[in-house]
Amino acid sequence: MEMTSSFFERLAERCKAKNSLLCVGLDPHISELPEPTAEAAYKFCENLVELTKDVAVAYKPNAAFFEQFGAAGWQQLERLIAHVKTSTKKTALVVGQCARFGRDVVWQILDAKRGDIGSTAEAYAKSAYEVLGADSITVNPYMGKDSMQPFLADQTKGVWALCKTSNKGSDDIQTCTLGDGRPVYLHVAQVALESTERGPDSVGLVVGATDIDAMRRLRQGLPSGVWILAPGIGAQGGDLEAAVEAGLDLHTGMGILFPVSRGISRAADPRAAAMELNRLINEARARVMP
């Protein structure tokens, strides 16, 4: 597949090749580090990458856990993203995937939840894509289409818009009813998809696996090709099988990516935990597909 294809087209190819819909969240909580330093945060994440790179199709480093260390943390975040590319490229060479997918065989989703006016968003996009080298980023679409468009200027990069999030307070705003009877999250999805003219595979939506009804309602109204990033499995109590049933794109057998952080990082054997999660996802997917 040519590198001019969209981020989500390439993500789909990666998921097919690995038979995986698993994204590993890289959230180096200070309480889990041997010492409260940026270097320790990097080492924590590096270890997770090495243990899970055979099964993960993406990694989601959370920028906040590095930004708290100031300039040193930013440097280590850049180092981590570069390491993911280098390390997974070596794995791809072994299994013969590199020529097909290009140099990056596991994507990075920079979890930064950026959202600001157009000129500021341009600077955020430059930081994420050109400085850090991330393949995609989470954004907050609250300020409207123009706050998202700078992140969409490069079609090889991916954007995930917060839609119905997995945190307990998400209902404070996201399920409020609009004048036309729709909840806010459905309008957010519409705004996000209208932010680009390139088609439905240009923007993904963050929809928590903690609200199955919302996920089902969104999937039923979305065109095929729109991807869902579904946090909330594991520590937040999301129902994996129900989320697969509600969020899977039945036209492709994919269309949903499950980021898991603590459920893997805090396991006695993170590699085994990642493999088991992927097995459960695939079993649920097989039951759902017609």
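What to note about this one:
- Contact map, region 180-197: residues that are closer than 15 Å to Q220 by Cβ paired with residues that are polar (S, T, N, Q) and surrounded by fewer than 19 Cβ atoms within 10 Å (Cβ to Cβ), Cβ distance under 7 Å, separation 6+ or inter-chain. Pairs shown: P183/T175; P183/T177; Y185/T175.
- Filtered by the rule that a residue be of a type in the set (V, I, T) and surrounded by fewer than 20 Cβ atoms within 10 Å (Cβ to Cβ), region 255-290 gives a lone residue, V288.
- Members of region 145-173 found to be free of Cβ contacts under 8 Å to residues at least 12 places away in the same chain and aliphatic (A, V, I, L, M), listed by number: I173
- Selection from region 233-254 of residues that are crowded, with 21+ Cβ neighbours inside 10 Å and either at pLDDT below 95 or touching a Leu at 6+ places or on another chain (Cβ under 6 Å) (or both): I233, G234, G238
- Taking the numbered list (1) farther than 25 Å from L280 by Cα; (2) β-branched (V, I, T); (3) under 18 Å from the mean Cα position of the chain (by Cα) in turn, T175 passes all entries but (3).
- Scanning region 102-146 for residues that are among the aliphatic types (A, V, I, L, M) and not in a strand (DSSP E or B) yields a count of 11.
- Restricting attention to region 1-54, the residues being part of a loop (DSSP other than H, G, I, E, B) and among the polar types (S, T, N, Q) number 6.
- Residue ID - surrounded by the fewest Cβ atoms within 10 Å (Cβ to Cβ), chosen from residues in region 43-92 that are under 15 Å from S261 (Cβ atoms) and polar (S, T, N, Q): N47
- Residue list for region 147-194, filter: part of a loop (DSSP other than H, G, I, E, B), closer than 18 Å to G118 by Cβ and out of contact with any Lys or Arg (no Cβ under 9 Å at 6 or more places or on another chain): A153, D154, K157
- Residue pairs whose Cβ atoms lie under 7 Å apart, sitting 6 or more positions apart in sequence or on different chains, and linking a residue in region 204-225 that is closer than 11 Å to G255 by Cβ to a partner that is part of a strand (DSSP E or B) and among the acidic types (D, E), are S224/D249.
- Any helices (runs of 4 or more DSSP H) falling wholly within region 209-284 and containing at least 1 residues that are over 25 Å from I30 (Cα atoms) and among the acidic types (D, E): 212-221, 240-247
Let's see how each residue does on (1) closer than 23 Å to V84 by Cβ; (2) touching a Cys at 6+ places or on another chain (Cβ under 7 Å); (3) basic (K, R):
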| position | (1), (2), (3) |
| --- | --- |
| A123 | no, no, no |
| S127 | yes, no, no |
| L132 | yes, no, no |
| G158 | yes, no, no |
| K168 | no, no, yes |
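- Residue ID - surrounded by the most Cβ atoms within 10 Å (Cβ to Cβ), chosen from residues in region 134-181 that are out of contact with any helix residue (DSSP H, G or I) (no Cβ under 9 Å at 6 or more places or on another chain) and of a type in the set (D, E, K, R): D171
- Cβ-Cβ under 7 Å pairs, at least 6 apart or on other chains, region 12-25 side among the acidic types (D, E), far side surrounded by fewer than 22 Cβ atoms within 10 Å (Cβ to Cβ): E13/M1; E13/F101
- Restricting the first member to region 268-290 and to residues that are at negative phi and at pLDDT 95 or above, and the second to residues that are small (G, A, S) and assigned to a loop (DSSP other than H, G, I, E, B), the beta-carbon pairs closer than 6 Å and six or more apart or on different chains are A273/A267; N278/S20.
The values are calculated or read from the model by the stated rules, or taken from the named source; none is laboratory data. Computed from a prediction, not measured in an experiment: that's the story for all the values here. Ideal geometry is used to build each Cβ from the backbone, glycine not excepted, and the neighbour counts take in all protein chains shown.
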